[in-house]
Amino acid sequence: MGQLGRSRHQKRARAQAQLRNLEAYATQPHSFVFTRGRAGRSVRQLSLDVRRIMEPLTATRLQVRKKNSLKDCVAVAGPLGVTHFIILSKTDSSVYLKLMRLPGGPTLTFHVNKYTLIRDVVSSLRRHRMHEQQFNHPPLLVLNSFGSHGMHVKLIATMFQNLFPSINVHTVNLNTIKRCLLINYNPDSQELDLRHYSIKVVPVGASRGMKKLLQEKFPNMSRLQDISELLATGAGLSESEAEPDGEHNITELPQAVAGRGNIEAQQSAIRLTEIGPRMTLQLVKIQEGIGAGNVLFHSFVHKTEAELQAILAAKEEKLRLKAQRQNQQAENLKRKQELREAHKKKSLAGMKRARAGAEGDSDAEDPGAPPEAVGASQVEEEEDDAEYFRQAVGEEPDEDMFPRVAKRRRQGGPPGKKPRPGSGRGQGGNWRPPKPKDRSQRVKTKLGSRALRQDRGRPSKRKA
């Protein structure tokens with residue numbers, strides 16, 4: 001059995017061919033065709049028809065929303081390799097077409113005097129030749145009457161030439177040329193006539209019957225006795241099926257072309273069938289940049305040299321003021337950043353000093369508790385001992401036994417704390433009576449001296 005699949009060399013050759021195709025596709029010009037503003041149904045359909053002209057090197061399913069600005073489209077066009085914008089817009093009285101070259105311009109603004117959609121052109125034809133295979137390759141651009149009529153006319157021709165990929169006449173494959181875009185310049189009216197055609201190549205030198213046999217659709221010969229009748233007289237064929245050919249469209253083919261009878265070095269006729277759309281354009285102005293630059297040429301407004309110099313000076317002054325504002329803003333931002341950094345350093349240094357003062361130096365020797373804290377703890381211990389002595393003996397201890405407690409009584413309480421009135425026996429003392437142990441003593445202590453006097457006046461219920 002033979003080897004299944006492709007060999008290693010076949011895979012490598014296919015990968016290299018795909019890489020070459022991708023590189024060639026990336027070097028070709030690409031375009032975006034869309035509308036801006038309230039264009040209306042007819043202008044939106046015209047933009048879709050212009051996309052058919054620009055296929056396959058255009059975004060056929062591009063959707064531009066109302067909130068998308070021109071800057072958004074430019075930002076998206078860069079990574080995608082888009083080189084041209086064709087923008088259609090509509091005002092209350094006119095339709096305009098703008099042709100932009102990315103990323104630096106220029107911008108050409110045309111007034112659309114007349115236009116016809118594809119559906120209207122096709123409906124007016126008796127037989128139209130339009131199929132999807134024709135749009136697999138870009139059209140052939142033909143410029144007519146673009147002579148020495150001024151620099152603006154030369155710029156128009158250059159813009160339209162750069163809109164489509166270049167063709168090498170020595171190596172081009174004729175089977176890839178299925179459509180033709182004709183742009184004719186009328187120097188009298190200064191208008192551009194744009195027409196879109198489908199190309200068909202048919203052999204010449206044969207009768208109408210032979211041409212019919214060479215076509216894919218076989219003719220009806222039910223009423224003929226012999227095939228010679230079809231070849232000799234062309235019986236059963238309508239006059240519209242035989243198109244007149246002449247020297248204007250007959251040529252010798254340099255290579256074989258797809259179709260029956262189109263052989264290399266044989267005479268064949270080139271036939272064009274219009275498939276639309278049609279447009280009649282008139283140049284309005286040429287601007288630098290993308291829609292917002294100096295006006296290089298204007299068809300209706302002509303200014304003197306002094307006016308141009310004044311406009312240029314005003315624009316330079318505007319740019320100077322803008323640069324000055326930008327420099328001032330940059331200096332303000334730098335100054336604020338320096339102040340912020342200085343404040344941050346100062347705050348961190350203060351926080352560090354506060355933390356060092358609170359925690360102390362870890363490497364230094366621990367000085368221990370302050371003397372005030374030591375004295376307070378010893379006084380509390382002596383107070384507890386004095387209280388225990390009172391409860392055990394029933395008498396007040398001498399001052400010599402607990403000197404710190406006696407000193408504290410004389411001072412009127414602990415340091416830093418005001419003594420409460422009546423808190424001790426003497427003036428400002430803090431002595432408190434011992435807690436009663438039985439219930440009767442607790443009740444008496446709670447009721448106070450009045451309850452004690454009432455209790456003394458009552459007779460005793462204790463039995464003798």
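The table for this structure:
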{"item": "Ranked by how many other beta carbons lie within 10 Å on average, peptides 277-283, 303-309, 264-270 from highest", "result": "277-283, 264-270, 303-309"}
{"item": "Label-zone membership for the stretch 184-200, site Phe300, 7 angstrom Cα→C-beta point, backbone N under 17 Å", "result": "189-192"}
{"item": "Cα shape, the stretch 120-178, gyration tensor, a/c 1.5 rule", "result": "oblate"}
{"item": "Accessible surface, per residue, of the stretch 23-75 when the full set of protein chains is kept, probe 1.4 Å, Å²", "result": "63 Å²"}
{"item": "Contour minus Cα-Cα distance for Ser347 and Leu48 (0.36 nm per residue)", "result": "101.2 nm"}
{"item": "Sites matching trypsin sites (Lys or Arg not before Pro) across the stretch 13-110 that sit in DSSP coil, with at most 11 neighbouring C-beta atoms within 10 Å", "result": "Arg38, Arg61, Arg65, Lys66, Lys67"}
{"item": "Gain on full stretching of the segment that runs from Thr158 to Ala258 - 0.36 nm per residue minus C-alpha separation", "result": "32.8 nm"}
{"item": "Which of Glu383, Glu399 is most accessible, then next, and so on - probe 1.4 Å", "result": "Glu399, Glu383"}
{"item": "Vicinal HN-Hα couplings computed from phi for the stretch 133-147 (Karplus, 6.51 cos²θ - 1.76 cosθ + 1.60; Hz; Gly/Pro x)", "result": "5, 5, 9, 7, 9, x, x, 8, 8, 10, 9, 10, 6, 8, x"}
{"item": "Spin-label pair Ala292/Leu339, simplified geometry with 7 Å Cα→Cβ offset, distance in nm", "result": "3.2 nm"}
{"item": "Distance in nm between pseudo-label sites at Gln190 and Arg20 (7 Å out along the Cβ direction from Cα)", "result": "4.8 nm"}
{"item": "Separation between Cα centres of the stretch 44-61 and the stretch 134-176, rounded to whole Å", "result": "18 Å"}
{"item": "Contour minus Cα-Cα distance for Ile311 and Leu272 (0.36 nm per residue)", "result": "9.1 nm"}
{"item": "Probe 1.4 Å - accessible area at Ser124, Å² to nearest ten", "result": "80 Å²"}
{"item": "Solvent accessible area, Å² - Glu381, 1.4 Å probe, full protein context", "result": "110 Å²"}
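The values are calculated or read from the model by the stated rules, or taken from the named source; none is laboratory data. Note that the structure is predicted; figures quoted are calculated from it, not measured. Counting neighbours? That spans all protein chains shown, and the Cβs are built from the backbone with ideal geometry, glycine included. Just so you know, the surface numbers come from the protein's heavy atoms only, side chains and all, with ligands and any DNA or RNA stripped out. Shrake-Rupley method; radii C 1.70, N 1.55, O 1.52, S 1.80 Å.
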